[in-house]
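The values are calculated or read from the model by the stated rules, or taken from the named source; none is laboratory data. Please read these numbers as outputs of a predicted model, since none were measured by experiment. Cβ placement follows ideal geometry from the backbone for every residue including glycine, while neighbour counts extend to all protein chains displayed. Note: accessible area is taken over every heavy atom of the protein model, side chains too, but ligands, DNA and RNA are not part of it. Shrake-Rupley method; radii C 1.70, N 1.55, O 1.52, S 1.80 Å.
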Amino acid sequence: MASSEDGENQRYKSTLPGFLGTIDTFISQFEALILALGVILMAANTIINVVGRFVFQYSIFFTEELNRILIILITFAGIGYAARYGRHIRMSAIFDALSPKLRKNLMIIIAIITALTMFSLCYFSVGYIIKVAESGRILPSLQIPVFIIFLWVPIGFFVTGIQYALTAVKNLTAKDVYLSTHVIEGYDDDELEI
């Protein structure tokens, strides 16, 4: 049992040195927890509603709103997770044709520009949330302010920005080319290039 726990801890442990590694490890564990809880809650909410509707002829009135909240949470927590494990879409035809040194330099530029874009989107989403909060809108069933469901948007953008900034740092400090702090650039043996 101890070896599987060690394997799980290694999965979330950062490869970055010092304080950056501590921050990266904490964010990794937090993302995994949020994503797991979000998916489990959404599945449970949907299953309970279906059983209630077809067995007891009673539907839970807030199921749709709760699932909407969870979809927003999973989506914006998931973008940071995708960036951490290099699961984002990449157009690599030109990138793959470059020499390793040029690929490394290009990856640093891409990571920095993407980080700045994510931080900008975080800033603009905070502005949007402030406007929604000032409007006073509330969810009809749950009776909670609408702006609360959007709080994950800037958090997701911020965490993703941090991931790309850390990817730039990793590429500046490591010998290999990294797509993220955890993933070295390249193709798996079972992956086909088209």
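Taking the range 67-159 and the helices (runs of 4 or more DSSP H) fully enclosed by it, the elements with 1 or more residues that are under 24 Å from ALA43 (Cα atoms) and open to solvent by less than 70 Å² (accessible area, probe 1.4 Å) are at 146-149.
Here VAL132 fulfils each of the conditions (1) in contact (Cβ under 8 Å) with a residue 12 or more places away in the chain; (2) farther than 25 Å from GLY78 by Cβ apart from (2).
Taking each residue of the range 107-126 that is over 24 Å from LEU151 (Cα atoms) and looking for partners that are of a type outside the set (Asp, Glu) and open to solvent by 70 Å² or more (accessible area, probe 1.4 Å) with beta-carbon atoms closer than 7 Å, six or more apart or interchain, yields ILE108/LEU172. Any residue that is open to solvent by 70 Å² or more (accessible area, probe 1.4 Å), more than 28 Å from MET118 (Cα to Cα) and modelled with pLDDT under 85 - is there at least one of those in the range 17-40? No, there is no match, as no residue in the range 17-40 is open to solvent by 70 Å² or more (accessible area, probe 1.4 Å), more than 28 Å from MET118 (Cα to Cα) and modelled with pLDDT under 85.
With the requirement that a residue be open to solvent by 60 Å² or more (accessible area, probe 1.4 Å) and free of Cβ contacts under 8 Å to residues at least 60 places away in the same chain, what does the range 51-61 give you? Correct list: VAL51, ARG53, PHE54, VAL55, PHE56, GLN57, TYR58.
Inspect the range 30-39 for any residue being assigned to a helix (DSSP H, G or I), in contact with a His (Cβ under 9 Å, 6 or more places away or on another chain) and farther than 29 Å from ARG137 by Cβ and give the result as yes or no.
Within the range 30-39 (the criterion being assigned to a helix (DSSP H, G or I), in contact with a His (Cβ under 9 Å, 6 or more places away or on another chain) and farther than 29 Å from ARG137 by Cβ), the answer is no, since none of the residues qualifies.
Checked against (1) surrounded by 15 or more Cβ atoms within 10 Å (Cβ to Cβ); (2) of a type in the set (S, T, N, Q); (3) without any contact (Cβ under 8 Å) to a residue 12 or more places away in the chain, THR181 meets all criteria but (3).
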